[in-house]
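First comes the structure, then the notes that go with it.
The values are calculated or read from the model by the stated rules, or taken from the named source; none is laboratory data. This structure is a prediction, so every number in the text was calculated from the model and none was measured. Don't worry about glycine lacking a Cβ; one is built from the backbone with ideal geometry, like all the others, and counts go over all protein chains shown. Surface accessibility is based on the protein's heavy atoms, side chains included, excluding ligands, DNA and RNA. Shrake-Rupley method; radii C 1.70, N 1.55, O 1.52, S 1.80 Å.
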Amino acid sequence: MKKNRFMEMLRARGLSMKLVLSFTMVTAALVPLILQAALMLGSFQQNQLDGRSMEIQNQCAILSNRMTRSGYMTAEKKNNTALDAQMQTISDLYNGRIVIVSSNFKIIADTFNLSVGKYYISEEVIKCFRGEAASHYNKEMQYFAQATPVYDPANEKTVNGVLVLTASTENIISLTDKISGSAHLFLMSMLLVLAAVSVMAVHLLMAPFGKLQLAFDRVAQGDLDADIMVDTYRETKQLSESVQKSLGKLRAVDQSRQEFVSNVSHELKTPITSIRVLADSLMGMEDVPVELYREFMTDISDEIDRENQIIEDLLMLVKMDKSAESQMNLEQVSINGELEQVLKRLRPIAKRKNVELILESFREVTADVDRVKMSLAITNLVENAVKYNVDSGWVRVTLDADHKFFYITVADSGIGIPEDCIDHIFERFFRVDKARSREVGGTGLGLSITKNVIRMHHGVIDVESQPGEGTVFHVRIPLNYVPRQEGRT
Ligand code: ADP
């Protein structure tokens, strides 16, 4: 239950980098220490045991030699008191027991005096009677058993007895246990020291990330101008730079949004102010003649149309937001037919201004386009060419294509665009001459809409103009619409 809650919390809060780093540092330092300690303890114990085994073998060899020489196995028991005393000393020295087994496997001497007369048969004893000394270590019971042959003094090849020394290794084991206890204590204190040191080191190492986090928090609270540069490490510097870049873009978007909102409110207010002025002056007058009344009402109606037009254009722009790219109504459209339609619709306006409309198609072009949007984009261009033209001027629309793109140019003999305005004409609400644009019914949104439509078709639009001579818009659009992959623009 507890573990589950911990895992859930971990999942919700994410793994702490500090924790992982501290843990890694402690593990990296402690594991070799533990291994080394275990290895050293193991080899220490083995050395002690080997040493003890050698000692026992030597002592047994010496004792058995003396027994052989004194004919211990054949002599009377009472003559062997010196050897018995030595046996006792050795067995006491190794905290063990010595028994002497005769050739009929009967115990004839025992330092514990418990088993004299009893039989003693073991692998080592049997081996010894064959002439070779044998030893055995019982790890579980913690004792050595060393069996050494005792020979007949008359014939040094005949084994007539076996000396068996069992010696406890308990003191060696308890010594290693003691050392291992101290090693554990040392390792535990090392663990504590290492944990404290690594927590402190990680805290210091991660401090710049904490600073970065604080800066990001300020940004998240809406402070787009927060200073987020933390250049302590290359990584924090790169991170800060990337965030700063994104913040720059965000600031630009924010600024353009603010500008747009203030432009929109200004543009929407202008016709309303005019309507108010017109209505107020009508109300302020007494006995208004019907003609004047009608004239004012016509002006009011014009202003309402204007307001309507601005709202419609704004809605159109919003609809053409980049996300609307997926809502394109693509179909195979004859561009020649479309241009003819646009020009046909605009002819009456052109006629009013005495402007000649010419269409030059170099070939038949069909392309994947959104018919309504494309028609709107071209209409805006041709309408502008008529609106900003001179009396008795001309507008020439040409259409051409190659294997990949179709090209439309809209050239006019109009007033042209001043050089310093050229870069701004596609911006929302930008007009070279506000009064003139207003006079001809412009909203300042036409070219933005056109550019958006062309961009949605993955095309480009360009303009060249000479004030007083005329303007040419060049449009290039792919014949086949290929949807772009997510994340690419
Ligand atoms: P508007 O509704 O004012 O026509 P547009 O976005 O269509 O808005 O055009 C922006 C400005 O660019 C216009 O106000 C005008 O000053 C200038 N402009 C556009 N087309 C032409 C053109 N063919 N000749 C001269 N000026 C032009």
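Shape of region 362-412 from its Cα gyration tensor (a ≥ b ≥ c, root eigenvalues): rounded if a/c is under 1.5, otherwise prolate when a/b > b/c, or oblate? Because a/c hits 1.5 or more and a/b fails to exceed b/c, region 362-412 counts as oblate. One quarter of the convex hull surface built on the alpha carbon atoms of region 281-352 amounts to 8.5 nm², the projected area averaged over directions. The largest-to-smallest principal axis extents of the Cα set in the chain are 164, 58, 41 Å.
Solvent-accessible surface of protein heavy atoms, probed at 1.4 angstrom with all chains present, puts 119, 137 in the order 119, 137, largest first.
Apply the membrane-span-like helix rule to the chain: whole DSSP H runs, Cα extent along the own long axis of at least 24 Å, mean Kyte-Doolittle hydropathy at least 1.0. List the helices found.
Working: long enough: 17-70 (79 Å, 0.42); 170-220 (70 Å, 1.13); 234-284 (73 Å, -0.49); 290-319 (43 Å, -0.20); 335-352 (26 Å, -0.61).
Those that clear 24 Å and a mean of 1.0 are 170-220.
Using helices alone, what [θ] at 222 nm do you get for the chain, with -39,500 (n - 2.57) per DSSP H run of 4 or more residues, divided over all residues and rounded to the nearest 500?
Numbers: 12 runs with 274 residues, N = 489.
Calculated mean residue ellipticity at 222 nm is -19500 deg cm²/dmol.
Within region 404-444, the trypsin sites (Lys or Arg not before Pro) that combine a DSSP coil assignment with at most 14 other C-beta atoms in a 10 angstrom radius are 404. Annotation for residue 95 and residue 234: the two label points, set 7 Å from Cα along the Cα-Cβ direction, are 6.2 nm apart. Viscosity 1.567 mPa s, temperature 4 °C: Stokes-Einstein D of region 203-247 from its Kirkwood Cα radius, in µm² per second? This corresponds to a translational diffusion coefficient of 124 µm²/s.
What per residue convex hull volume, in Å³, comes out for region 45-103 when only alpha-carbon positions are used? If you can, show how the numbers build up before the last one.
Values: hull volume 4.9 nm³, N = 59.
Considering the Cα atoms of region 45-103, their hull volume per residue is 84 Å³.
Sites listed here are trypsin sites (Lys or Arg not before Pro) in region 120-184 whose DSSP assignment is loop and whose Cβ has at most 13 other Cβ atoms within 10 Å: 130, 139, 157.
Test of the criteria: in region 357-402, which GluC sites (Glu not before Pro) are in a DSSP loop and have at most 14 other Cβ atoms within 10 angstrom of their Cβ?
Details: sites: 360, 364, 383; in loops: 364.
Listed in order of number, the matching sites are 364.
Remark: region 1-104 carries a charge dipole of roughly 760 debye about the Cα centre, counting +1 on each Lys and Arg Cβ and -1 on each Asp and Glu Cβ.
Sorting 462, 50, 152, 420 by accessible area (1.4 Å probe), largest first, what list results? Present the calculation step by step, with values, prior to reporting the outcome.
Working: 462 95, 50 75, 152 40, 420 115 Å².
Of 462, 50, 152, 420, the descending order of accessible area is 420, 462, 50, 152.
Past 31 Å, Cα to Cα: identify those pairs from 237/319; 319/344; 351/404; 404/434; 319/387; 404/451, in the order given. Checking Cα-Cα distances, 237/319; 351/404; 404/434 exceed 31 Å. Expressed as a whole percent, the accessible area of region 111-168 that falls on carbon and sulfur atoms is 50 (1.4 Å probe).
Taking only the alpha-carbon positions of region 403-483 and ignoring solvent, what does the Debye formula give for the base-10 log of I(q)/I(0) at q = 0.13, 0.18, 0.23, 0.26 Å⁻¹? Results for region 403-483 at q = 0.13, 0.18, 0.23, 0.26 Å⁻¹ read -0.45, -0.81, -1.15, -1.32.
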